[in-house]
Each structure stands twice: as structure tokens, then as C-alpha cells.
Amino acid sequence: ETPGLGWVPGEVRLIAPSDPAIKVPHMGWNDVAMLPHARDDAVIEEGEGKPIPQIFAEQGEPYFRSVETAVVRAYAARDGLVIAAGGGVVVKPENIEALQAGGTVYCLRASARQILDRVGQDTHRPLLQGGDKLEKIQGLLDKREALYGAIPNQVPTDGQTPEQVADRIIALLDR
């Protein structure tokens, strides 16, 4: 199983419950959280009653992105919650605005190769289906680079465990 709680670049975070910490663009991990947390993809799947690939196939990406925005708005308003958002959350500026209004946003970065290592066997990523996954990942990273780069708190995750990344975020919080 891929480690992480919304890690694509990877997300993890240990904070005081009074800090409405929120992380964003995750690149391939999904499993470590020390506070109440929400993975936007899991919330969407539960609400829609079907897996994300089925949502993409039946309603398309624009529909998925509109549902994602509704979930982001609802959860960003909560305190003391870690939100693990998918890497595509950055394509709609209102998502980042809502997340930043609700707390601290961390863009957890990873190389295309590291992301492939984390999610390469995952069949629940519709944007990576068919063809060369590494090429598709690199294409998405290139397309979204300016959006990821606009997030002030950047945390590199290549070659690190979720715990090491969590430690790095804690260090950033302590500054």
C-alpha cells in the first residue's frame, strides 16, 4: 500500500489542534496523520457513491473538479483538520484560496520518478491511465508547475519517509 495521507507530493503533518493546518497538492503518499484528517478523494468517493475513475468515466473531469471544489470549501472552513488534497486541486484557483483562508498550505513536492514509485501500481488515478505513466506524471507536473510554485510553503519529499516529511513540516511550523 502506498504510504501517505494525501501524499502527491506527499502529505503528512503533526500539529496542535488549534492550528487549522491544511496541506495541498500531494504527490503519491496516503497514510500518516496525527490529527483529524480528510482526504478529498475519499470524501468525494463516499459522497458520490463510486470510485474516482468511475466519476471521470461517467461525468468527466470538469464534474469531478466541481465536486472537489465543494469538498475543499466545506473542509477548509474547519479548524484543527489536516486536509490531504489531490495534486489537481491547484487547477482551480478558488481551491487554493479557500485552503489558504482556512489555514497553512504545504505543497509537498516530488520528482516524476518518485511519484511513479509511489503511485505506479495504483489503478485509481484516471489521469495516469494508458500509455507511459512517467511521461504522464511529468506532463502534469510541467503543466501545473506555476500553480504548485505559487504555494509559499514548499516541502521536498523525494527519498524521504512520511515521518521525515512530517518532521520537516513541524520544523517549519516552529519557525
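A few remarks follow.
- Pairwise FRET efficiency - Ile170 versus Glu135, Cβ, R0 = 25 Å, nearest 0.05: 0.10
- When the charge dipole of segment 56-127 is built from unit charges on Cβ atoms (+1 for Lys and Arg, -1 for Asp and Glu) and taken about the Cα centre, the candidate among Leu81, Phe56, Ser66 whose Cα reaches farthest toward its positive end is Leu81.
- Virtual spin-label span in nm between Arg113 and Asp142, 7 Å along Cα→Cβ: 1.8
- Percent RCO, i.e. relative contact order, over segment 106-175, from Cα pairs under 8 Å lying at least 6 residues apart: 48
- Förster radius 35 Å - calculated FRET efficiency between Glu46 and Asn153, Cβ distance, rounded to 0.05: 0.80
- Here the simple spin-label model places points 7 Å from the Cα toward Cβ, and for Phe56 and Ala101 these points are separated by 2.9 nm.
Every number in this text was worked out from the coordinates using simple rules, so none of it is lab data. No experiment lies behind these values; they were computed from the predicted model shown. Positions of Cβ are generated from backbone atoms using ideal geometry, with glycine treated the same way; all protein chains shown enter the neighbour counts.
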